[in-house]
Amino acid sequence: MNIKKLSNYYNSPKYLSKLREKIKILKEMESDPYIRAGKIMDIYAVDPIRFIEDFILLKADKLNGSPKPFFLWDYQKKLIMKMQEMEMGDEEVEFLVDKPREMGITWTLCAYFLWRWLFTPNYSSFLLSRTETEVDDATRNAEGSIFGKIRWMLDRLPKYMIPESYHKKVARGTTSDMNLKLINATIGSSITGSSTNSNAGRSRR
């Protein structure tokens with residue numbers, strides 16, 4: 001992401017105000033399971049932007065590498081809303097996204113797919129990149145691969161957001177977290193990956 005712009009933002013009054021509101025929401029949900037259940041079903045399960053801004057963290061190595069709240073820029077919100085709009089439509093569409101460096105597009109899409117994986121029954125997404133290692137390097141390293149970013153974000157969610165069926169990847173993987181695949185068996189959703197080889201996506205919806 002644009003590090004200068006990001007650094008200025010994280011030192012601004014606007015950021016501090018949003019951070020205080022985020023902390024207030026998280027404390028309320030942590031302390032009251034009834035409020036938590038209501039907010040999850042009524043707000044976060046249907047609104048990816050609210051979910052991302054209230055729960056997702058991102059990592060910027062040029063800003064000392066510590067986790068930062070993922071408060072979205074307007075262009076990131078527009079991307080998410082467009083993705084959601086197309087997926088809710090009846091037509092099959094192709095959507096080209098201009099992806100300059102340091103604009104947080106990969107982070108935005110990973111956060112969106114994680115939201116779908118958590119809340120949308122029977123949802124499946126298929127992620128491609130030039131090499132298999134760029135898709136999934138079998139780690140939870142946010143800088144290593146696309147799946148690394150998703151696992152890194154997943155690890156930093158509150159425990160009450162993690163599906164009961166999910167078991168964190170170990171050396172050989174688990175039934176819910178393995179190389180190039182994340183499964184949420186609780187609702188039947190999945191994230192699958194591949195390199196851009198000649199067989200990529202065959203026999204997939």
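The values are calculated or read from the model by the stated rules, or taken from the named source; none is laboratory data. Remember, predicted model here, so these are calculated numbers, not experimental data. FYI the Cβ positions are ideal-geometry reconstructions off the backbone, even for glycines, and counts take in every protein chain you see. When the accessible area is computed, the model is the full protein with side chains, heavy atoms only, and any ligands, DNA or RNA have been set aside. Shrake-Rupley method; radii C 1.70, N 1.55, O 1.52, S 1.80 Å.
Results, tabulated for the structure shown:
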{"item": "Backbone HN-Hα couplings from phi across the stretch 151-167 [Karplus 6.51/-1.76/1.60, Hz, Gly and Pro as x]", "result": "5, 4, 5, 4, 4, 9, 7, x, 4, 6, 8, 7, x, 4, 7, 7, 10"}
{"item": "Cβ crowding within 10 Å averaged over residues, with 79-88, 174-183 ranked highest first", "result": "174-183, 79-88"}
{"item": "Net charge over other residues, Cβ less than 11 angstrom from the Cβ of Thr174 (K, R count +1; D, E count -1)", "result": "+3"}
{"item": "Rel. contact order, % - alpha carbon contacts under 8 angstrom, at least six apart, the chain", "result": "17 percent"}
{"item": "Net lengthening on full extension, Thr186/Tyr75 (0.36 nm per residue, minus Cα-Cα)", "result": "36.7 nm"}
{"item": "Heavy-atom surface of the stretch 32-80, accessible at 1.4 Å and reported per residue (Å²)", "result": "48 Å²"}
{"item": "Gap separating the Cα centres of the stretch 121-139 and the stretch 2-49, nearest whole Å", "result": "27 Å"}
{"item": "Rounded to 5, percent antiparallel among DSSP beta bridges of the chain", "result": "60 percent"}
{"item": "Fraction of accessible area attributable to carbon and sulfur, the stretch 62-205 (%, probe 1.4 Å)", "result": "49 percent"}
{"item": "For the chain: rounded, prolate or oblate by the Cα gyration tensor [a/c cutoff 1.5]", "result": "rounded"}
{"item": "Cα gyration tensor category, rounded, prolate or oblate, for the stretch 58-128 with a/c compared to 1.5", "result": "prolate"}
{"item": "Length released on extending from Ala37 to Ile162, taking residue separation times 0.36 nm less the Cα-Cα span", "result": "43.7 nm"}
{"item": "Nonlocal amide H pairs with Leu127, under 5 Å, H built at 1.01 Å", "result": "Thr192, Gly193, Ser194"}
{"item": "Anisotropy class of the stretch 124-194 from Cα gyration tensor, a/c 1.5 cut", "result": "prolate"}
{"item": "Summed side-chain charge close to Met41 - residues other than Met41 whose Cβ falls under 14 Å, Lys, Arg +1, Asp, Glu -1", "result": "+1"}
{"item": "Potential lengthening between Met86 and Lys14 on full extension [0.36 nm per residue; Cα-Cα distance subtracted]", "result": "22.8 nm"}
{"item": "Peptide ranges 43-53, 24-34, 65-75 listed from the most packed, as the mean C-beta count within 10 angstrom indicates", "result": "43-53, 65-75, 24-34"}
